[in-house]
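Undergrad: Got a structure here, written out as structure tokens. Questions coming.
The values are calculated or read from the model by the stated rules, or taken from the named source; none is laboratory data. Everything numeric here is computed off the predicted structure, so don't read it as measured data. Positions of Cβ are generated from backbone atoms using ideal geometry, with glycine treated the same way; all protein chains shown enter the neighbour counts.
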Amino acid sequence: MRVKTIGIISLGCSKNLADSEAMAGYLLKAGYQLAPSPEAADIILINTCAFIESAREEGAENILSACAYKAEGHCKAVIVAGCMPQRYRAQMLDAFPEVDAFLGVDELDRLPELLKQLEHRRRSDREALLAVAPGLPTRTFDKPIPALRLSGQIFAYAKIAEGCNHACAFCAIPQFRGHLRSRPMEAIEAEVRELIATGTREINLIAQDVTAYGKDLRNGSSLAALLRRLDALEGDFWLRWLYGFHNHVTDELLEVMAGAKHIVPYFDLPIQHAHPDILRAMRRADTIAAIDTFPERLRAAVPGATLRTTCMVGFPGETEEHFQALLDYIQRVRFDALGTFIFSPEAGTAAADLPGLPPPEVARDRLARLMSAQRAIAKERNRERVGTTARALILSRTPTGGALARLPHQAPEVDGLTRLAHLPEGVNPGDFLPVTLTGTRGYDLTARAQ
């Protein structure tokens, strides 16, 4: 089998997208070509997510569709990578007999080697093409990772660590992503330098818990130290970090962010809940002490700070009283942005078999009530921004001569956008533009150039 082109389907979160970009970089470095679409490829590579049941269902649907496409003679092979084969190493062989090879989260750099084996293998060799190391992932990647930015050149994700040391009762990620492994600051800086040099204007630092960065290295590395080092780089760009724990935001980190020239004042800190009973049941008791004070602390320390959070409803044992406490908290704090999801029992987690699971219709009602409250808050906060000025990053042109843009308080993929009716002559996607905010449109804003 002669392989010329590979088409990548990337599912799941930004961490998965960063893995897909790394695999694309390894492929290009090895001389392979990427197809403009999976349908035009010799081999379809699916990078899967296994966080919750809906993500696994999406992965299975894509795998089965790709295998059916192969059976019709449209491609030569299907490779499945990422969290699903890592978490379900043995089961994947039986569940998907038409998949030609599997690749775990620790083996991304082995993809070119796997393709070489695939080109010369016999069907009986399939067991040997299970490139998923047994047990927890443990590898670290100390060198810069070659990557093709699938998000485009204007903004990019840079993974600064892999794995997680937390033991949240509802989360299975440590079971298939392993414990915290931070990348050296030198490797991250080299990657960020290359991004800046090639025209990237927004760099988003990501990990399962960004605020834990460096704790495993025991050499003084920390998120604050990393940000200080990256903020000192030359160029015109934004730095943003995504997903952390509010009780791990140190005074040093706030000091760095308050005095930074490139770091946008954006805090992505999922609280999951606000009632102490539920936080204890979630095994997040260490976050309770900071829950009432951190919003005011962050807003006081970093002028113009944007606070985003995520909440879970329907956790086992959650009563109406517990939920009302969460709702009251959200209305009091007034987060700039908030995401909500319903508890999903995950096999092997401490919460999987807990009693007191609220009925599905109750959980759905609580989700709707929480999001209704947040919509009102977001609408009010957006109205407060009308008439103010900001620096916008131009993302793309619109057919009518306008543009889509992002402001510092709008993170990629999870927040709204800013719409310009007219893009001034000489301003292009990837440029920064001073704008005046003129109105709201749902979660989005409208603006005009100054």
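Undergrad: Within region 367-379, identify whether any single residue is closer than 21 Å to Arg280 by Cα, at pLDDT 95 or above and among the polar types (S, T, N, Q), and answer yes or no.
TA: no
Undergrad: What residue, among those in region 59-75 that are surrounded by fewer than 15 Cβ atoms within 10 Å (Cβ to Cβ) and of a type in the set (D, E, K, R), is farthest from Leu118 (Cα to Cα)?
TA: For region 59-75, the residue satisfying everything is Glu61.
Undergrad: Within the group Ala190, Ala232, which residue is touching a Pro at 6+ places or on another chain (Cβ under 6 Å) and either of a type outside the set (S, T, N, Q) or surrounded by fewer than 20 Cβ atoms within 10 Å (Cβ to Cβ) (or both)?
TA: Just a single option satisfies the conditions, and that option is Ala190.
Undergrad: Can you name every residue in region 393-413 that is surrounded by 15 or more Cβ atoms within 10 Å (Cβ to Cβ) and under 15 Å from Tyr266 (Cβ atoms)?
TA: Within region 393-413, Leu393, Arg406, Leu407, Pro408, His409, Gln410, Ala411, Pro412 qualify.
Undergrad: Considering each of Glu413, Glu425 in turn, give the residue that is farther than 24 Å from Ala274 by Cα, of a type in the set (Asp, Glu) and either part of a strand (DSSP E or B) or touching a residue at least 24 places away in the same chain (Cβ under 8 Å) (or both).
TA: Testing whether each residue is farther than 24 Å from Ala274 by Cα, of a type in the set (Asp, Glu) and either part of a strand (DSSP E or B) or touching a residue at least 24 places away in the same chain (Cβ under 8 Å) (or both) leaves just Glu413.
Undergrad: Could you grab me the full set of residues in region 198-209 that are more than 11 Å from Ala158 (Cα to Cα) and surrounded by 22 or more Cβ atoms within 10 Å (Cβ to Cβ)?
TA: Listed by number, the residues that qualify are Thr200, Arg201, Gln208.
Undergrad: Which one is surrounded by the fewest Cβ atoms within 10 Å (Cβ to Cβ), of the residues in region 80-96 that are touching a Cys at 6+ places or on another chain (Cβ under 9 Å) and not small (Gly, Ala, Ser)?
TA: Step by step, filter region 80-96, then rank; the result is Phe96.
Undergrad: Can we say Gln374 is crowded, with 17+ Cβ neighbours inside 10 Å and outside any helix (DSSP H, G or I)?
TA: no
Undergrad: Taking into account only those residues within region 1-26 that are at pLDDT 90 or above, more than 15 Å from the chain's Cα centre (by Cα) and among the hydrophobic types (A, V, I, L, M, F, W, C), which is farthest from Glu119 (Cα to Cα)?
TA: Ile9
Residues checked against (1) assigned by TED's automatic domain parsing to the domain that holds Leu395; (2) touching a Leu at 6+ places or on another chain (Cβ under 9 Å); (3) over 29 Å from Leu433 (Cα atoms); (4) touching a residue at least 40 places away in the same chain (Cβ under 8 Å):
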site	(1), (2), (3), (4)
Thr211	no, yes, yes, yes
Leu217	no, no, yes, no
Leu226	no, yes, no, yes
Asp236	no, no, no, yes
Thr250	no, yes, yes, no
Ala258	no, no, no, yes
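Undergrad: Can I ask one more? Does Leu395 satisfy the condition of being under 20 Å from Gly235 (Cβ atoms), in contact with a strand residue (DSSP E or B) (Cβ under 8 Å, 6 or more places away or on another chain) and outside any loop (DSSP other than H, G, I, E, B)?
TA: So Leu395 fits the description; yes.
Undergrad: Under 7 Å between Cβ atoms, at least 6 apart or on separate chains: pull out the pairs that start in region 18-37 with a residue that is more than 21 Å from Glu413 (Cα to Cα) and end on any residue that is assigned to a loop (DSSP other than H, G, I, E, B) and modelled with pLDDT of 90 or more.
TA: Ala35/Ala41
Undergrad: Take region 265-278 and flag every residue that is surrounded by fewer than 22 Cβ atoms within 10 Å (Cβ to Cβ) and either hydrophobic (A, V, I, L, M, F, W, C) or assigned to a helix (DSSP H, G or I) (or both).
TA: Residues satisfying the conditions are Pro276, Asp277.
Undergrad: From the residues in region 294-321 that are in a loop (DSSP other than H, G, I, E, B) and of a type in the set (Gly, Ala, Ser), which one is nearest to the chain's Cα centre (by Cα)?
TA: Ala305
Undergrad: A further question on this structure: Here are some residues: Arg228, Arg240. Which one is of a type in the set (Lys, Arg), at negative phi, out of contact with any Lys or Arg (no Cβ under 9 Å at 6 or more places or on another chain) and assigned to a helix (DSSP H, G or I)?
TA: Just a single option satisfies the conditions, and that option is Arg228.
Undergrad: Exactly one condition in (1) of a type in the set (A, V, I, L, M); (2) modelled with pLDDT of 95 or more; (3) over 30 Å from Leu242 (Cβ atoms) is false for Ile46; which is it?
TA: (3)
Undergrad: Something else about it: For region 151-174, how many residues are surrounded by fewer than 16 Cβ atoms within 10 Å (Cβ to Cβ) and under 20 Å from Gly82 (Cα atoms)?
TA: Summing the residues that are surrounded by fewer than 16 Cβ atoms within 10 Å (Cβ to Cβ) and under 20 Å from Gly82 (Cα atoms) in region 151-174 gives 1.
Undergrad: Sort out which residues of region 217-241 are touching a strand residue (DSSP E or B) at 6+ places or on another chain (Cβ under 8 Å) and modelled with pLDDT of 95 or more, and write them in order of number.
TA: Across region 217-241, the qualifying residues are Ser221, Leu223, Leu226, Leu227, Leu230, Asp231, Asp236, Phe237, Trp238, Leu239, Arg240, Trp241.
Undergrad: Shifting gears a bit: Would you check if Ala390 is part of a strand (DSSP E or B), in contact with a strand residue (DSSP E or B) (Cβ under 7 Å, 6 or more places away or on another chain) and aliphatic (A, V, I, L, M)?
TA: yes
Undergrad: Would it be correct to say that Gly82 is more than 23 Å from the chain's Cα centre (by Cα), on the phi > 0 side of the Ramachandran plot and either in the same structural domain as Leu27 (by TED's automatic domain parsing) or not β-branched (Val, Ile, Thr) (or both)?
TA: Against the criterion (more than 23 Å from the chain's Cα centre (by Cα), on the phi > 0 side of the Ramachandran plot and either in the same structural domain as Leu27 (by TED's automatic domain parsing) or not β-branched (Val, Ile, Thr) (or both)), Gly82 does not qualify.
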